[in-house]
Amino acid sequence: MKLTVVANRLASLIGKRQKKLAPRKTGALAGSIKTNVDITKKKITISSKMFDYGYFQDSGISGIRKRVNKNGIC
């Protein structure tokens, strides 16, 4: 099996897990989760993007009642 196939399958599994763990109040956050695989000669990078408030779900901030600054990491 090629490494690119493995990387794409892994990215798919990561995305599915993130969507499963996302809160389901409206489903908007889960729907915003996208995984991406970037393959170069020297490295393979798997990254995820979602609505900004998703990065703070474990912090007890909903992002709706309080203004949340954009995450500088992503």
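The values are calculated or read from the model by the stated rules, or taken from the named source; none is laboratory data. Please read these numbers as outputs of a predicted model, since none were measured by experiment. Cβ placement follows ideal geometry from the backbone for every residue including glycine, while neighbour counts extend to all protein chains displayed.
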Among the residues of the stretch 32-57, write down those that are surrounded by 11 or more Cβ atoms within 10 Å (Cβ to Cβ), farther than 20 Å from Arg9 by Cβ, without any contact (Cβ under 8 Å) to a residue 24 or more places away in the chain and not hydrophobic (A, V, I, L, M, F, W, C). Ser32, Asp52, Tyr55
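Please enumerate the residues belonging to the stretch 32-57 that are under 11 Å from the mean Cα position of the chain (by Cα) and aromatic (Phe, Trp, Tyr).
The initial filter retains those residues of the stretch 32-57 that are under 11 Å from the mean Cα position of the chain (by Cα), namely 32-36, 46-52, 54-55.
Of everything in the stretch 32-57, those that are under 11 Å from the mean Cα position of the chain (by Cα) and aromatic (Phe, Trp, Tyr) turn out to be Phe51, Tyr55.
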Suppose we filter the stretch 1-31 for residues that are touching a helix residue (DSSP H, G or I) at 6+ places or on another chain (Cβ under 7 Å) and either in a helix (DSSP H, G or I) or in contact (Cβ under 8 Å) with a residue 60 or more places away in the chain (or both); how many remain? 3
Can you say whether Gly72 is at pLDDT below 80 and either among the hydrophobic types (A, V, I, L, M, F, W, C) or surrounded by fewer than 11 Cβ atoms within 10 Å (Cβ to Cβ) (or both), as far as the supplied structure shows? yes
